[in-house]
Each structure stands twice: as structure tokens, then as C-alpha cells.
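Inspection log for the structure reproduced underneath, given as C-alpha cells.
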Amino acid sequence: MYDDRDSASISRREFLGYFAASAALIAHTAATWAAEPGTGEVTSTVHSLHALNDGLEGDLLLPADDRFEAMRSVSWNRLIPERRPDVIVMAKSQGDVVSTLRFAREHQRQVAVRGGGHNWCASALRQGGVLLDLSHMRSLTIDAAGATATIEPAVRGAELIEAAGGHGLMFPVAHCPTVPLSGYLLNGGNGLNYNRLGNAASNIISIDLVLADGRQLTVSSEAHPDLFWAARGAGPGFFAVATRYHLKLHALPKSVTMSSYVFPGSATEIAIDLVESLSTSMSPDVCLSLTISAPPPELTSGNDTVAVVSAITYSDSVADAEVALKPLNADPRVNHAVSSLVNAPTDLESFLGALGATLPGGHRALIDNIWSNVPLGTMLAECPAHYANAPSPKSHLVVICFHLPSNSNATSYSWLGRYLVYNNTVWTDETEDESNRSWHSKATSLLDSHKIGRYVGETDLTKEADVAQQCYTQQTWTRLRALRATYDPTGLFHDYLRVT
Ligand SMILES: Cc1cc2nc3c(=O)[nH]c(=O)nc-3n(C[C@H](O)[C@H](O)[C@H](O)COP(=O)(O)OP(=O)(O)OC[C@H]3O[C@@H](n4cnc5c(N)ncnc54)[C@H](O)[C@@H]3O)c2cc1C
């Protein structure tokens with residue numbers, strides 16, 4: 001999605017041409033901003049835009065810049081909102097972040113921070129103000145002896161898995177190789193082996209932050225614990241900029257093993273019943289999920305949907321994996337499956353690649369989720385019939401089963417139920433927007449009456465004003481609001497979408 005062509009070296013002549021254009025663009029932008037054109041305000045804005053531009057290691061992009069629209073619309077989702085920032089800063093260092101925040105404070109512009117642009121409702125894209133883009137901040141170092149990693153925000157899950165894997169280590173990255181760690185970690189992060197390793201953010205040792213007032217802090221459970229708590233779950237409502245994460249790594253499991261059963265539409269209830277009964281009884285070493293979708297082409301004969309029950313386990317030996325997966329493999333209900341993989345060996349890269357293929361970039365997507373404890377048979381009763389009529393065969397429902405952790409107050413991430421259930425509506429053709437929107441709205445309403453709450457990292461924050469609040473316990477939400485008021489009293493950073 002991202003490439004680095006815009007930062008490739010340019011000739012001196014091109015540079016001078018660009019510099020001249022920048023001066024003109026700066027003058028134009030300053031004049032557009034001024035409440036009273038022709039006043040000293042324009043001159044001072046010209047000066048500070050020049051000062052910002054000259055001091056950056058990265059780039060300042062103004063609306064008339066050729067690259068502005070391409071950088072505005074960097075997003076995993078091709079449904080790109082019309083919201084337009086006044087300027088974009090492509091930061092390359094923590095110093096760039098400090099300079100950008102200083103500029104925004106001086107000119108009373110709000111700041112939206114973008115890590116890798118994977119938030120599906122483009123939370124970092126706001127109307128007006130400064131879009132602070134961190135996508136060029138991608139350094140990654142591993143301390144193999146200490147089993148730690150230090151990463152800049154835009155490092156992607158697959159990059160960390162590859163680098164750590166070379167030392168026999170791993171980190172619970174997201175279930176898709178391209179997901180950047182930046183926003184994922186701030187969301188709390190449901191990653192690999194989530195029942196054993198906890199949410200991803202609980203594996204952060206410390207975070208380097210730049211606060212709204214310009215202070216540069218390293219926060220941890222000892223230093224500024226309130227900010228450290230907030231950063232690990234506040235997600236798109238976080239009120240500082242994370243410039244570096246220090247992460248605890250884990251031993252690479254010796255065996256990554258998967259069993260998976262594909263049930264025809266006629267056996268969907270059996271698949272749902274199977275997952276319901278195994279969801280708490282299987283070992284926490286197993287991550288169990290259910291997917292309902294249109295059937296793959298080879299299974300189309302007479303089937304309207306398929307239900308796939310998958311279990312993956314991370315263990316020290318193949319023998320341990322077989323023991324962990326036995327409750328599924330030995331259950332007689334799997335005999336209703338039309339195809340299966342039993343105790344199939346895999347590795348983290350292949351597993352991530354396979355999951356990534358279910359949510360590929362370059363598509364149009366509407367995504368929402370609920371946390372729930374309602375029995376799956378009741379919760380999903382009407383869903384298979386609705387998925388059988390999905391306008392896009394790429395759309396799917398996913399249920400992820402959790403064993404609730406005992407230390408759930410350690411971070412601001414709110415783990416609200418046994419099941420996290422997603423509606424992923426995915427299509428390609430712009431002319432099918434309306435049919436997919438209306439189908440998605442009904443798919444969401446079928447689940448919403450069963451919700452306890454939502455996961456902030458992948459919910460539709462544009463929907464209702466209280467969606468962000470629905471992602472937290474009342475106590476957590478109250479504490480987050482109080483910390484935002486303390487650390488960003490003037491509202492330098494944009495709040496959650498729809499929260500004003
Ligand atoms: C295909 C796909 C698979 C996914 N799989 C998972 C999964 O398995 N588990 C899971 O938990 N989530 C998953 N997600 C959701 C993912 O956690 C979010 O999309 C997350 O926002 C990605 O990070 P980002 O840096 O791209 O966010 P961006 O879109 O860049 O930013 C989103 C918001 O986060 C905040 N933000 C981001 N970086 C910073 C920063 N450095 N400092 C301050 N604020 C910042 C800003 O408020 C911004 O508005 C998935 C998403 C996709 C598209």
C-alpha cells in the first residue's frame with residue numbers, strides 16, 4: 001500500500017523547482033488560513049510554515065502539492081472519506097513530531113496522527129488541521145539476549161515476526177501480516193496466541209511519547225503509569241503521539257499446528273453448536289474461531305453458505321499440539337464437515353499470510369464488531385440466511401473465542417466478553433456501494449441486540465456518538481476522559497470520531 005518513492009532522492013534542479021513551488025504554496029496556504037487577509041497574521045503564518053518546512057527531516061505537504069491527495073488518501077480501505085486536513089506532515093523523527101505539535105499549538109490547529117492507515121474508517125483523516133503521518137518511521141531493532149524489540153510506529157506485524165523469528169523469538173502481532181503496530185498496539189491489540197500472551201499491549205515494556213504540550217516522555221509501569229495505562233487501549237482517542245515502542249518478545253513456539261473443518265450450509269447449526277461447546281473447555285493454548293461466508297467455488301453445489309471451524313495451537317511439541325486439539329478432532333460433530341485439515345503443521349508467516357488473504361487491501365470495506373456472552377446459537381440464529389444473500393462473496397462473519405484474562409484492569413483495553421464477533425463486508429466495485437451498505441447495516445443490526453460492547457480497533461466509529469464509549473467499561477471510559485482533560489486540556493489532538 002505504502003511505498004517510499006516520494007522520499008527517493010531528487011536532482012538539484014528538481015529540488016530547486018520544488019523549493020520555489022513550496023514558497024508559493026506556503027504563501028497561498030497562509031493567505032487561505034488568515035481570518036483577515038492582508039494582515040500580519042498572513043506574514044506570521046508564512047514565517048512559521050517556512051520554519052516548520054525548513055526544520056523537518058521529513059516533508060510538509062500543502063493542499064496544492066502534487067503529492068497531497070495521494071498522501072491524504074493513504075488507507076487500507078478504498079472507501080475513503082472526503083475529510084481533508086489543511087496540511088500533512090510526513091514525519092521522519094521524534095524531532096519532526098515535536099516541531100509539528102509546536103506549529104499546531106501556535107496556530108491553534110488540531111492534530112490527527114496516522115501510523116500506517118489501517119484503521120478501516122480512516123480515523124486519522126479529519127476535516128481541517130494537521131495530519132501527522134508517521135509512515136516513514138519504520139526502524140526496528142531486536143535485543144536477542146534481552147528478548148526485547150524496539151520499534152518505530154509504522155513497523156508491520158510481518159516485519160517484526162520475521163526479525164524476531166531469526167532469533168527464535170516472536171511477538172503477538174495482529175492476524176494479518178500488513179497491520180502496522182502503531183495503531184494496533186494503542187488499540188490494545190488482539191494478536192497471535194491471545195489467550196496465553198494476553199492482549200498485545202500488555203506485552204509493551206515502555207513507550208516514547210510526545211505530549212500535547214511538547215514534553216517528551218518514556219512511559220512505563222514505573223514512569224507516568226497513568227499515561228502508560230491509557231496508551232494501551234485508548235486507540236483512536238489517544239491524546240499524545242507514540243514515537244517508539246519497547247516490546248517484550250516471547251520464545252517462538254516449536255510447533256504451530258492447525259485443525260480446520262468446513263461445514264456445508266445444511267450443517268451450520270452443528271458447527272455453531274460445536275464452537276459454543278468447545279469455546280471454554282478447550283485449552284487456552286488453542287485459539288478457536290468460526291467463520292460464516294459464501295462457499296468457495298469448489299463447494300458451490302447446493303450450498304448457500306459455509307461455516308469453517310478453525311483451531312490453532314502454539315506449543316512446544318507436535319505431541320502437545322495433538323493433545324490440545326484433540327477435543328475438536330475427536331468430536332463426532334466434525335463428521336458433518338465436507339473437508340478438513342487435521343493437525344496440520346504451519347508457521348507464523350504462513351498462518352498470517354492465509355489470514356491476510358481473507359481481508360486483502362485495495363478493497364472497499366465496512367467492518368463492525370460486538371463483544372457478547374450470548375450463546376452462539378441464539379446470537380447467530382438469523383445470520384447464515386443473511387450471509388447466503390450477501391451481495392459480495394468476500395463478505396464474512398467471524399467469531400473469535402476468548403478465555404477472559406484475570407488481570408484485565410492492567411491496561412485501558414476493555415476485554416468485555418467471551419466472544420468477539422465481526423461483520424466484515426468487503427467488495428471491490430464502486431457501483432455496488434449502496435447494495436453492500438444496506439446489506440451491512442442489516443448484518444450489523446442482527447448482532448447489535450446481543451452486544452455487551454465493541455472493540456475500539458475495528459468498530460464503526462462514524463456510526464453513533466457513543467460508539468467509542470461502548471468500547472470500554474464505564475470505569476475505564478471515565479478514567480480515559482479525565483486523563484485526556486489533564487494531558488490535552490486544549491484539545492490539540494482530535495478526539496474519537498463523532499466525540500466532540
Ligand atoms: C486487514 C486488517 C487486519 C486486522 N487485524 C487485527 C487483529 O488481528 N487484531 C487487532 O487487534 N486489530 C486488527 N486490525 C485493526 C488494527 O488494529 C487497526 O486498523 C489499527 O488502527 C492499525 O494501526 P495503524 O497504525 O494502521 O492505524 P492508523 O489508521 O494509522 O491510525 C488509527 C488511529 O490510531 C491513532 N494512532 C495511530 N498511531 C498513533 C501513534 N503513533 N500515536 C498516537 N496515535 C496514533 C490515531 O488516533 C489514529 O486515528 C486489523 C485491521 C486490518 C485492516
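The values are calculated or read from the model by the stated rules, or taken from the named source; none is laboratory data. Owing to the predicted nature of the structure, the values given are computational and were not obtained by experimental measurement. We place every Cβ from the backbone using ideal geometry, glycine too, and count neighbours over all the protein chains shown.
Report, ordered by the first and then the second residue, all pairs with beta carbons closer than 8 Å, sequence separation of six or more or different chains, a first member in region 342-366 that is among the acidic types (Asp, Glu), and a second member that is away from the ligand (no atom under 11 Å from the Cβ).
Final answer for the pair search is Asp347/Val256; Glu349/Ala158; Glu349/Ile161; Glu349/Glu162; Glu349/Gly165.
If you take just the helices (runs of 4 or more DSSP H) that sit entirely in region 146-206, which of them hold at least 3 residues that are more than 8 Å from the ligand (Cβ to nearest atom) and within 26 Å of Gln94 (Cα to Cα)?
In region 146-206, the matching helices (runs of 4 or more DSSP H) lie at 157-165.
Name the residue, out of Pro391, Pro384, that is more than 16 Å from the ligand (Cβ to nearest atom), surrounded by 15 or more Cβ atoms within 10 Å (Cβ to Cβ) and part of a loop (DSSP other than H, G, I, E, B).
Criteria check complete, one pass: Pro391.
Please pick out the residue among Arg484, Arg479, Arg437 that is within 16 Å of the ligand (Cβ to nearest atom), part of a helix (DSSP H, G or I) and touching a residue at least 60 places away in the same chain (Cβ under 8 Å).
Every option except Arg484 fails the conditions.
Being over 15 Å from Arg481 (Cβ atoms) and touching a residue at least 60 places away in the same chain (Cβ under 8 Å) is the filter here; which residues of region 214-230 pass it?
Listed by number, the residues that qualify are Gly214, Gln216.
Let me confirm something: among Leu420, Leu461, Leu447, Leu416, which residue is crowded, with 16+ Cβ neighbours inside 10 Å, touching a Cys at 6+ places or on another chain (Cβ under 9 Å) and modelled with pLDDT under 95?
Leu416
Among strands (runs of 3 or more DSSP E) lying entirely in region 30-117, which contain 1 or more residues that are basic (Lys, Arg) and touching a residue at least 40 places away in the same chain (Cβ under 8 Å)?
Counting at least 1 such residues, we get 111-114.
Kindly evaluate Trp427 against the criterion of being surrounded by 17 or more Cβ atoms within 10 Å (Cβ to Cβ) and without any contact (Cβ under 8 Å) to a residue 24 or more places away in the chain.
In short, no.
Restricting the search to region 198-257, which residues are buried (at least 22 other Cβ atoms within 10 Å of the Cβ), over 23 Å from the mean Cα position of the chain (by Cα) and of a type in the set (S, T, N, Q)?
Within region 198-257, Thr257 is the sole residue that qualifies.
For region 212-255, give me each residue that is closer than 23 Å to Asn193 by Cβ and away from the ligand (no atom under 16 Å from the Cβ).
If the condition is that a residue be closer than 23 Å to Asn193 by Cβ and away from the ligand (no atom under 16 Å from the Cβ), then Ser221, Lys248, Leu249, His250, Ala251, Leu252, Pro253, Lys254, Ser255 are the ones that fit.
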